[in-house]
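The values are calculated or read from the model by the stated rules, or taken from the named source; none is laboratory data. Note that the coordinates shown come from a computational prediction; the quantities given were computed from them, not determined experimentally. We place every Cβ from the backbone using ideal geometry, glycine too, and count neighbours over all the protein chains shown.
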Amino acid sequence: MRTLFVTGPGGAGRTTVAAATAQAAAAQGSRTLLLGDDPHGVDGVTVKAVDPARHFRAELLALQERAATALDLFGARRLDDDELTPLPGAAELALLRAVGEAQLGPYDLVVVDLPPTAQALAALALPAQLRRYVRRLLPPERQAARALRPMLAQLAGVPMPAQWLYESAARWDAHLAGVQAVIESEDTAVRIVAEPGPAGADAVRTAAMGLALYGLRTESVLANRVLPGGSADPWLAGLAAQQDKVLAQWRGDGLPVAEVAHLGRDPRGGDDLAALGVPAPGHVAPQETWPIDDRLADDGILVWRIPLPGAVREELDLVRRGDELAVTAGEFRRIVPLPSALRRCTVSGAGLADGELGIRFTPDPGLWPQGRQTT
């Protein structure tokens, strides 16, 4: 099963493009599911709306039921269904659950209408981040001591962490791992939707950089609402020329660009979606994520190469914390574990060139076996 996430800046028409993408795939014979609120009436596509409020209530009430013993111990009052309203982050969690559940359906393609870019990337990064937090706060290896907790509680005179807490953590970790596997799969890619203008150019640069930082593959950039050239109206001709300039810039940057024509009206129904000419999802070749370059091994240096198209030096920051590396690019930040070879090295420098951040590592003599090649 393939998964295609569709995002872009607010107002760029990503919901329309997501619907048109799903319809184009269905027209080619793919069993297609569209996740998201679709007002267009898509032909031949199964559409499923995500309800954050319902998901939030169901999850919180289930957690409350599992924690009933602990809540009763502290004299807590139970929350009722009709008094629950979603908290920030509920929409992202509901969407991620829907993405995971969609993998069990009879579909060839799942098209996901994501929120605007910054919010979308935060949602796609959420499973890995939450798994890291859960494992730090409730390390799996400590669960082996569960049998000792009743005795320790009696000796200490205070209740110890209940078994339901670790069981809940294990369930969350399993669920998040499944969603993370979908996001990181070679069968998953992202389609960026933007209007080819100054604001759209900045949005695409930011989106491409953020996607690369999180290791996500860009399937294409859909230039939406492209005006026809040759207009006798000077105002329209000027806008079309501005769009052509941005389109040339995107193609010059090596982005896979497809154009979606402006219909002169808001698309309504399947016929209008077909008239847009949005292409069905294309194949994205697998690529190695963040490769380690050992070509400099003769100098005793290893280089970890991180593609960051559109990044500038002033937006970058690196921090090493033990066996992890925190990389900040603009408004995005990712914490990743170092590969085993680099854990025995010290960071000796970094440089940005041609949209790629190269981080140099020097083997630590105290940790690197003597006589061993860096390769």
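The residue of the stretch 86-114 that is nearest to GLN23 (Cα to Cα), among those that are touching a helix residue (DSSP H, G or I) at 6+ places or on another chain (Cβ under 7 Å) and of a type outside the set (A, V, I, L, M), is ASP113. In the stretch 40-58 there is no residue matching the filter, namely being surrounded by fewer than 17 Cβ atoms within 10 Å (Cβ to Cβ), more than 24 Å from the chain's Cα centre (by Cα), in the same structural domain as PRO106 (by TED's automatic domain parsing) and at pLDDT below 70.
With respect to the conditions (1) over 22 Å from TRP172 (Cα atoms); (2) modelled with pLDDT under 85, LEU79 falls short on a single one, namely (1).
Taking the criterion of being surrounded by fewer than 23 Cβ atoms within 10 Å (Cβ to Cβ), more than 10 Å from the chain's Cα centre (by Cα) and closer than 14 Å to LEU124 by Cβ, would at least one residue in the stretch 193-204 satisfy it? No. Of the residues screened, PRO116 is not one that is on the phi < 0 side of the Ramachandran plot and at pLDDT below 75. Consider ARG171 carefully, then state whether it is assigned by TED's automatic domain parsing to the domain that holds VAL204 and either of a type in the set (S, T, N, Q) or modelled with pLDDT of 65 or more (or both). In short, yes.
When the stretch 8-58 is limited to residues that are in a helix (DSSP H, G or I), out of contact with any Pro (no Cβ under 7 Å at 6 or more places or on another chain) and not aliphatic (A, V, I, L, M), the one that is nearest to GLY270 (Cα to Cα) turns out to be GLN23.
Just to be sure, is LEU273 at pLDDT 95 or above and farther than 30 Å from ARG343 by Cα?
On the way: at pLDDT 95 or above: no; farther than 30 Å from ARG343 by Cα: yes.
So LEU273 does not fit the description; no.
Scanning the stretch 3-30 for residues that are surrounded by fewer than 24 Cβ atoms within 10 Å (Cβ to Cβ) and either under 12 Å from VAL190 (Cβ atoms) or not assigned by TED's automatic domain parsing to the domain that holds GLN103 (or both) gives a single hit, THR3. Scanning the stretch 258-270 for residues that are among the aliphatic types (A, V, I, L, M) and either modelled with pLDDT of 95 or more or touching a Leu at 6+ places or on another chain (Cβ under 6 Å) (or both) gives ALA258, VAL260.
Looking only at the stretch 77-117, filter to residues that are over 17 Å from the mean Cα position of the chain (by Cα) and among the hydrophobic types (A, V, I, L, M, F, W, C); which one of those is surrounded by the most Cβ atoms within 10 Å (Cβ to Cβ)? Result: LEU109.
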